[in-house]
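Taking it in order: structure first as structure tokens, then the write-up.
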């Protein structure tokens with residue numbers, strides 16, 4: 001093997017390896033993968049995220065799969081957490097929207113307006129019966 | 001279809017023996033059954049270190065950390081986690097406060113660790129060189145061969161302050177310089193993987209989890225010292241490490257990373273494996289060389305040092321597995337970076353095998369200067385079964401004990417030597433109040449006497465004499481003078497033994513006399529063993545108030561020395577009692593007394 005071949009091999013493997021180890025993972029994509037989410041296409045959205053991040057060579061993102069987020073009417077739902085942007089939940093995220101989120105939200109720091117959902121979870125919690133003061 | 005998930009299955013010896021291989025196969029099969037074969041990559045990695053909770057399976061990208069996984073859990077992990085995206089709650093690690101940890105970050109065992117030596121353990125597949133390369137593998141070799149002179153390599157090591165991780169802490173750069181400056185037509189590089197301390201498995205895990213890092217470093221060592229041949233001396237009891245090493249060597253040769261004209265640089269270096277038969281003394285460098293030469297493994301007097309006249313009379317440098325594993329990182333990140341970690345005299349990190357009476361036993365890598373308290377309580381999670389801390393045995397049979405008063409001493413080569421112990425290869429055995437210090441020392445001495453090669457008198461005779469005295473004390477026949485006699489013999493052995501095996505054999509005794517003299521005196525004067533381990537000093541009796549006459553103990557007693565009718569308090573005939581403790585263990589009413 002030549003030096004060039006070694007370097008090419010290292011380059012090629014590095015991206016996959018970066019996803020396996022920690023390092024700078026300041027951006028979080030959380031995909032709701034409850035039964036309803038999966039039925040509504042969360043897996044396609046998840047694959048689109050991975051694919052798009054790979055092709056744009058964005059490495060500081062960790063993608064997490066979580067259970068149902070409770071917005072069954074607007075599944076698949078995805079939450080994005082990153083520095084310099086508010087935590088945002090997007091609804092009805094299909095593969096195309098997922099790609100748009102990578103472009104605008106993550107790379108250009110612009111909200112994808114027509115898919116934004118508010119994050120009411122905290123408000124709901126405050127009004128949970130039995131927990132009121 | 002892109003890969004969405006990785007399942008990292010621990011493939012260290014500990015987890016393998018708890019069916020990790022079956023888990024690995026089941027995960028692959030389950031993934032295929034669910035039609036995910038091309039989306040999920042199941043990887044068998046090196047040791048994660050958290051052996052207490054093995055087998056371990058880690059799922060990426062969400063970093064779920066599953067512990068104590070069983071082969072039959074594989075289907076659940078795939079069906080629930082990978083298909084539906086719901087982590088299997090029951091398998092996630094729970095902290096002592098019963099909080100479920102979502103990832104490694106939440107587990108206190110990992111929080112104080114810095115991983116340099118173990119950087120790839122638990123991440124890459126050790127049998128795939130491409131994964132090693134993707135983690136900056138062979139980058140250091142590339143840099144060394146094409147951008148650095150041998151002198152520059154040694155200079156970088158000097159800057160780093162790296163010292164031998166085998167125990168004695170000799171500066172690595174100096175060893176290499178000495179070998180390099182000896183005129184010769186051939187020089188040799190040896191990797192000492194003859195790890196033999198009871199309870200220590202740092203080197204084995206490094207070779208199992210990241211064999212290429214050692215091969216790369218040995219090649220760098222060859223370049224820096226002008227050697228073209230290397231040997232890995234590894235004990236035959238490490239079959240998995242040997243297998244992974246062989247696989248790694250085959251791959252390196254095929255890819256031109258080992259052998260003639262490496263990467264087209266014109267530099268030749270080849271490595272061979274030599275299997276040791278498991279004699280402890282063969283970890284001593286001169287005995288190791290004898291063994292590679294095909295002779296009986298016995299030390300020879302130094303000087304001449306191996307760097308002048310070693311293997312087949314040629315200059316030879318011998319470094320430990322862990323020392324080697326540090327080197328590629330030092331070359332890549334620079335000596336200054338490495339020197340920024342650790343204490344004034346001891347740089348970098350140290351891998352310890354934490355075992356004994358501790359909650360989280362496992363493999364830990366911490367910066368030099370970490371205190372024992374941090375290792376035992378923060379990483380190790382404290383003493384098992386809520387018992388009290390007694391001491392930590394460090395350095396194996398050559399080391400000593402560190403009592404509670406030294407819990408806050410930052411650990412480095414100097415502080416351990418000052419405390420009468422030594423770094424050794426890195427075994428840390430935690431002792432609780434349920435352990436008898438003399439019994440523990442007797443265990444180590446037994447080991448050293450067994451492993452003494454018998455060549456020199458101080459070690460052969462001195463070790464046996466010490467053991468005899470210890471046995472006398474544990475039988476309640478010791479005298480106060482015995483303590484001074486042991487110190488005298490130990491003093492002579494330290495100075496007159498041919499090699500460090502004999503020279504360090506008395507260490508466990510001397511350090512315990514220093515810190516636990518009261519326990520020796522208790523055994524000698526009061527004929528009492530507070531931990532109840534020394535059978536001859538223990539008597540069992542029955543509390544007549546508490547005994548309800550259930551007859552359980554009488555039926556359990558193997559020598560029928562317990563007499564008594566039903567519902568009448570029993571009695572032990574002390575003259576027949578063999579002190580097996582069966583009555584104590586079987587009594588449900590706490591009526592059997594030990595004194």
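The values are calculated or read from the model by the stated rules, or taken from the named source; none is laboratory data. Predicted, not measured: the structure shown is a model, and the values here were computed from it. Using ideal geometry, Cβ is built from the backbone for each residue, glycine included, and neighbour counts are taken over all protein chains shown.
Okay, here's what the table says:
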quantity: Spans of helices (runs of 4 or more DSSP H) in the stretch B:150-263 with at least 1 residues surrounded by fewer than 20 Cβ atoms within 10 Å (Cβ to Cβ); calculated: B:150-160, B:172-181, B:239-254
quantity: Checklist (1) under 30 Å from residue B:456 (Cβ atoms); (2) part of a loop (DSSP other than H, G, I, E, B) applied to residue B:275, failing item; calculated: (2)
quantity: Every residue from the stretch B:1-20 that is more than 14 Å from chain A (Cβ to nearest Cβ), touching a residue at least 12 places away in the same chain (Cβ under 8 Å) and not in a loop (DSSP other than H, G, I, E, B); calculated: B:10, B:13, B:14, B:15, B:16, B:20
quantity: Unmet criterion (only one of (1) within 26 Å of residue B:368 (Cβ to Cβ); (2) modelled with pLDDT of 95 or more) for residue B:403; calculated: (2)
quantity: Of all residues making up the stretch B:87-106, the number that are farther than 21 Å from residue A:63 by Cβ and in contact (Cβ under 8 Å) with a residue 40 or more places away in the chain; calculated: 2
quantity: Filter result (over 23 Å from residue B:429 (Cα atoms) and touching a residue at least 24 places away in the same chain (Cβ under 8 Å)) within the stretch B:322-336; calculated: B:324, B:325, B:326, B:327, B:328, B:329, B:330, B:331, B:332, B:334, B:335, B:336
quantity: Hey, residue A:78 within 18 Å of residue A:109 (Cβ to Cβ), at pLDDT 80 or above, surrounded by 15 or more Cβ atoms within 10 Å (Cβ to Cβ) and in contact with a strand residue (DSSP E or B) (Cβ under 9 Å, 6 or more places away or on another chain) or not; calculated: yes
quantity: Test: residue in the stretch B:320-329 that is within 21 Å of residue B:116 (Cβ to Cβ), touching a helix residue (DSSP H, G or I) at 6+ places or on another chain (Cβ under 8 Å) and assigned to a strand (DSSP E or B); calculated: yes
quantity: Yes/no for residue B:330 being buried (at least 24 other Cβ atoms within 10 Å of the Cβ) and modelled with pLDDT of 95 or more; calculated: yes
quantity: Helices (runs of 4 or more DSSP H) contained entirely in the stretch A:1-90, each with at least 3 residues that are facing chain B (nearest Cβ under 7 Å); calculated: A:3-20, A:42-55
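Yes/no per residue for (1) within 14 Å of another protein chain (Cβ to nearest Cβ); (2) within 29 Å of the chain's Cα centre (by Cα); (3) over 30 Å from residue A:4 (Cα atoms); (4) at pLDDT 95 or above:
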{"position": "B:219", "(1), (2), (3), (4)": "yes, yes, no, yes"}
{"position": "B:245", "(1), (2), (3), (4)": "no, yes, no, yes"}
{"position": "B:256", "(1), (2), (3), (4)": "yes, no, no, no"}
{"position": "B:263", "(1), (2), (3), (4)": "yes, no, no, no"}
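For (1) more than 23 Å from the chain's Cα centre (by Cα); (2) more than 14 Å from chain A (Cβ to nearest Cβ); (3) touching a residue at least 40 places away in the same chain (Cβ under 8 Å); (4) more than 28 Å from residue B:29 (Cα to Cα), each residue gets a yes or a no:
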{"residue": "B:85", "(1), (2), (3), (4)": "yes, no, no, no"}
{"residue": "B:109", "(1), (2), (3), (4)": "no, yes, yes, yes"}
{"residue": "B:129", "(1), (2), (3), (4)": "yes, no, yes, no"}
{"residue": "B:142", "(1), (2), (3), (4)": "yes, no, yes, yes"}
{"residue": "B:145", "(1), (2), (3), (4)": "yes, no, yes, yes"}
{"residue": "B:154", "(1), (2), (3), (4)": "yes, yes, yes, yes"}
